[in-house]
């Protein structure tokens, strides 16, 4: 399976010297650490192999950056890295059983701790349940466990790339699909493109 990942030049140098690169909490965006740990839990559940170290976090890559026609990230676009940052786009070839694919746009429900509805009706029904109890999804950490669990269970829909949760009538060919791996191995790198982020 061919994937692409955007990394800083510093991360690339670590990968070159150590022969591999793993995600750690030290390199994670603090506000998203809970979401990253949730994804790591999903990887432990879905992939055959997981690291023994429970603090290892996923490494992100792209299976389809924009859609099927634009799979490889276009370095002319902004937001790959902070402006002015030296980086690399790595093309890699990995075994399919080492990768967990998910819908990038729907992943924002996990990042923001939102409910991921099956439909507009499902979304409205869940809002009514919370409102009837004087609760708000925006206060995720203060919600009773039963509602937090229901929200967290809804996040698993990001892995159903053939389904319609959150993206009705959007075929897989038109979706941005991210990939998470436990590590990047130097032996899997097919090409390196250096760039400076815009």
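The values are calculated or read from the model by the stated rules, or taken from the named source; none is laboratory data. The structure displayed is predicted, hence computed values, not measured ones. Here the Cβ positions follow ideal geometry from the backbone for every residue, glycine too, while neighbour counts run over all protein chains shown.
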- Query: Which of the residues belonging to segment 50-89 are loosely packed, with under 15 Cβ neighbours inside 10 Å, assigned to a loop (DSSP other than H, G, I, E, B) and touching a helix residue (DSSP H, G or I) at 6+ places or on another chain (Cβ under 7 Å)?
  - Reply: 55, 68
- Item | Output for segment 15-49, where each listed residue is touching a strand residue (DSSP E or B) at 6+ places or on another chain (Cβ under 6 Å), part of a helix (DSSP H, G or I) and more than 20 Å from residue 110 (Cβ to Cβ) | 15
- Top-ranked residue in segment 111-122 [being touching a helix residue (DSSP H, G or I) at 6+ places or on another chain (Cβ under 7 Å) and in a loop (DSSP other than H, G, I, E, B); ranked as surrounded by the most Cβ atoms within 10 Å (Cβ to Cβ)]: 116
- Query: Quick check: anything in segment 123-135 out of contact with any helix residue (DSSP H, G or I) (no Cβ under 7 Å at 6 or more places or on another chain), closer than 20 Å to residue 42 by Cα and touching a residue at least 24 places away in the same chain (Cβ under 8 Å)?
  - Reply: no
- Does residue 92 satisfy the condition of being surrounded by 19 or more Cβ atoms within 10 Å (Cβ to Cβ) and in contact (Cβ under 8 Å) with a residue 24 or more places away in the chain? yes
- Might you let me know whether segment 54-65 holds any residue that is out of contact with any strand residue (DSSP E or B) (no Cβ under 6 Å at 6 or more places or on another chain) and over 14 Å from residue 179 (Cα atoms)? yes
- Pick from 148, 128, 157: which is loosely packed, with under 15 Cβ neighbours inside 10 Å and assigned to a helix (DSSP H, G or I)? 128
- Note on the structure: residue 108 vs (1) free of Cβ contacts under 8 Å to residues at least 24 places away in the same chain; (2) under 17 Å from the mean Cα position of the chain (by Cα); (3) in a loop (DSSP other than H, G, I, E, B): all pass except (3)
- Query: Do we find that residue 174 is touching a residue at least 12 places away in the same chain (Cβ under 8 Å) and over 16 Å from the mean Cα position of the chain (by Cα) in this structure?
  - Reply: yes
- Item | Residue match in segment 20-30 (condition: closer than 17 Å to residue 4 by Cβ and modelled with pLDDT under 95) | yes
- Item | The one condition in (1) closer than 20 Å to residue 162 by Cβ; (2) without any contact (Cβ under 8 Å) to a residue 60 or more places away in the chain; (3) touching a strand residue (DSSP E or B) at 6+ places or on another chain (Cβ under 9 Å) that residue 119 fails to fulfil | (3)
- Consider residue 191 carefully, then state whether it is surrounded by 15 or more Cβ atoms within 10 Å (Cβ to Cβ) and within 25 Å of residue 2 (Cα to Cα). no
